[in-house]
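Everything below concerns the one structure shown next.
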Amino acid sequence: MIDPGKYFTSEQIDMLGEVMNISMGSSASAASVMLGKRVDITTPTVKVMSEEHFDPVRDEYIMGVTISYVEGISGRNVLLLKRNDVRCILECMMGMELDAETFEVDEMGESAVCELMNQMLGSSSTAMSQFLNMTVNISTPTAFTIEDSDAFKKEFLGEDVTIVDCDFGFKIEDKSDSSFCILMSLEMANVYLEKMKNIYQ
């Protein structure tokens, strides 16, 4: 992990945490409705790390969702979900238990998670619009499975050698108590900070 102070002031780290908290915190209600369970998403911890030290497979991330902004903000983020959380999500949505040892994400499961993310991230962009006092829209999220860390980093991180990692606590009532993360480039983080200037002036 890299000292965030190399790239951001402590105030800027707090600002990034605040905008991501307001954005994703609102999506918990949408998730609760779709899953039929209480969902809690905690305030994120914002970290800066080098791409070479980030290993999604080691950290048990199995699915990713791209978040591309099409109005108000330019750029994209990637949200990553852990294997057990994906299993719990699908159990809630399908109304059946899935074996923890043999669970794999198939096309139907990927589609179901993508629909959940579509609802959550739509709520998220609405909350961000209200917070920033501007229209913010995203395209339909695209879900994908993660099988190889190097392939993921090549495809989604590209030449970025430094990434901003926002880690959120993620609890599904009586199902799981875990976390997910949103990754963004330094450039994307600065886009958020630029948009927030008017709020803090």
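The numbers here are math on the coordinates, done by the rules we state, and not lab data. It should be emphasised that the depicted structure is a prediction, and the values quoted were computed from it without experimental measurement. Cβ coordinates were reconstructed from backbone atoms using ideal geometry, including for glycine residues, and neighbour counts include every protein chain displayed.
Taking a Cβ cut-off of under 14 Å around Val113, the surrounding Lys, Arg, Asp and Glu residues balance to a net charge of -4, with basic ones at +1 and acidic ones at -1. Pairs spanning more than 25 Å between alpha-carbon atoms, out of Lys47/Lys197; Lys154/Lys197; Lys175/Lys195; Lys47/Lys195; Lys47/Lys175; Lys154/Lys175: Lys154/Lys197; Lys175/Lys195; Lys47/Lys175; Lys154/Lys175. Build a GNM of the chain with springs between Cα atoms under 10 Å: which of Val86, Val164, Val70 gets the top mean-square fluctuation? Evaluated over the chain, the most mobile residue of the options is Val70. Counting neighbouring Cβ atoms within 10 Å and putting the fewest first, the residues Arg58, Arg87, Arg38 line up as Arg58, Arg38, Arg87.
If you plug the beta carbon distance of Asp55 and Asp106 into 1/(1 + (r/R0)^6) with R0 = 22 Å, you get a FRET efficiency near 0.35. Local charge for Phe144 was computed over the other residues whose Cβ lies under 10 Å away, with Lys and Arg +1 and Asp and Glu -1, and equals -3. Using a Gaussian network model of the chain in which every pair of alpha carbons under 10 angstrom is joined by a spring, one finds that among Gln119, Gln12, Gln130 the greatest mean-square fluctuation is at Gln130. Taking each residue as 0.36 nm, the span from Val70 to Met93 lengthens on full extension beyond its C-alpha to C-alpha distance by 5.4 nm. Considering only alpha-carbon pairs that sit under 8 angstrom and 6 or more positions apart, the relative contact order computed for region 4-200 is 33 percent.
Largest GNM mean-square fluctuation across Leu98, Leu121, Leu81, computed for the chain with C-alpha springs under 10 Å, falls on Leu98. In the chain, a dipole from Cβ-located charges (positive for Lys and Arg, negative for Asp and Glu) runs towards its positive end, and of Ile182, Thr9, Ile146 it is Thr9 whose Cα lies farthest in that direction. Dipole magnitude for region 4-200: about 800 debye, using +1 per Lys or Arg Cβ and -1 per Asp or Glu Cβ, origin at the Cα centre. Need one word for region 118-201: rounded, prolate or oblate. Basis is the Cα gyration tensor (sqrt eigenvalues a ≥ b ≥ c); a/c below 1.5 gives rounded, then a/b vs b/c decides. Judged from the Cα gyration tensor, region 118-201 comes out oblate (a/c at least 1.5, b/c at or above a/b). Straight Cα distances below 19 angstrom link Lys153 to the aspartates and glutamates Glu51, Glu52, Asp55, Asp59, Glu60, Asp165, Asp167, Glu187, with same-chain residues fewer than 8 positions distant left out. With a cut-off of 13 Å between beta carbons, the residues surrounding Gly17 carry a summed charge of -4, where Lys and Arg count +1 and Asp and Glu -1. Classify region 19-137 as rounded, prolate or oblate from the Cα gyration tensor: take a ≥ b ≥ c as the square roots of its eigenvalues, call it rounded if a/c is under 1.5, otherwise prolate when a/b beats b/c and oblate if not. It is oblate, given that a/c is not under 1.5 and a/b is not larger than b/c.
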